[in-house]
1. What is the residue count in the stretch 111-133 for residues that are surrounded by fewer than 21 Cβ atoms within 10 Å (Cβ to Cβ) and under 24 Å from Gly9 (Cα atoms)?
2. Applying the selection to the stretch 60-101, what residues are without any contact (Cβ under 8 Å) to a residue 40 or more places away in the chain, open to solvent by 30 Å² or more (accessible area, probe 1.4 Å) and of a type in the set (Val, Ile, Thr)?
3. Among the residues of the stretch 55-66, how many are more than 14 Å from Asn8 (Cα to Cα) and outside any strand (DSSP E or B)?
4. Looking at Lys57 and the list (1) touching a residue at least 60 places away in the same chain (Cβ under 8 Å); (2) of a type in the set (D, E, K, R); (3) open to solvent by 60 Å² or more (accessible area, probe 1.4 Å), which single condition is not satisfied?
5. Name every residue in the stretch 1-54 that is open to solvent by 10 Å² or more (accessible area, probe 1.4 Å), in a helix (DSSP H, G or I) and touching a residue at least 24 places away in the same chain (Cβ under 8 Å), in order of residue number.
6. What's the number of the condition Thr42 fails, among (1) at positive phi; (2) modelled with pLDDT of 95 or more?
Amino acid sequence: MEVKVTVNGTARSADVEPRMLLVHLIREELGLTGTHVGCDTTSCGVCTVLLDGVPVKSCTMFGVQADGREVTTVEGLGAGGLDPVQEAFKEHHGLQCGFCTPAMMLVGAALLKRNPDPSDDDVRWAISGNLCRCTGYMNIVKAIRAAATANAAATA
């Protein structure tokens with residue numbers, strides 16, 4: 001089946017098997033390897049992308065389900081430079097091995113769009129579907145909160 005999808009602002013198309021998962025469409029057909037494959041059971045969340053601005057685990061849906069929709073991967077998060085979330089992860093050590101980082105950044109960016117001033121609990125709830133085995137989450141929460149502060153300062 002032909003799938004037409006806007007990925008990171010660019011219209012793309014691919015001829016895929018109807019059973020191909022969105023994560024494999026993104027990685028194998030479109031060559032965007034920032035989206036990781038982890039558990040294939042929705043448990044870890046490392047395959048999270050934004051579908052029409054909403055975080056989804058791309059191992060839980062077929063690529064054909066994204067037909068006509070907009071997908072944002074970590075490669076599209078910072079157009080022309082680092083997104084405030086990416087910058088905050090760098091500055092506040094919100095990553096270690098980096099495996100969960102793309103998904104955490106996307107979830108953080110989506111949270112800040114709908115809630116520009118989240119509490120620690122709001123951030124923890126938002127990232128609760130994404131596992132990190134390295135950081136203990138404290139710096140991830142700190143980074144997302146710092147990105148909220150940076151966004152507020154940029155719009156003031």
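The values are calculated or read from the model by the stated rules, or taken from the named source; none is laboratory data. Everything numeric here is computed off the predicted structure, so don't read it as measured data. Note that each Cβ is placed from the backbone with ideal geometry, even for glycine, and that neighbours are counted across all protein chains shown. Accessible surface is based on the protein model in full, side chains and every heavy atom, while ligands, DNA and RNA are left aside. Shrake-Rupley method; radii C 1.70, N 1.55, O 1.52, S 1.80 Å.
1. 4
2. Result: Thr60, single match.
3. 7
4. With respect to (1) touching a residue at least 60 places away in the same chain (Cβ under 8 Å); (2) of a type in the set (D, E, K, R); (3) open to solvent by 60 Å² or more (accessible area, probe 1.4 Å), Lys57 is out only on (3).
5. Within the stretch 1-54, His24, Glu29 qualify.
6. (2)
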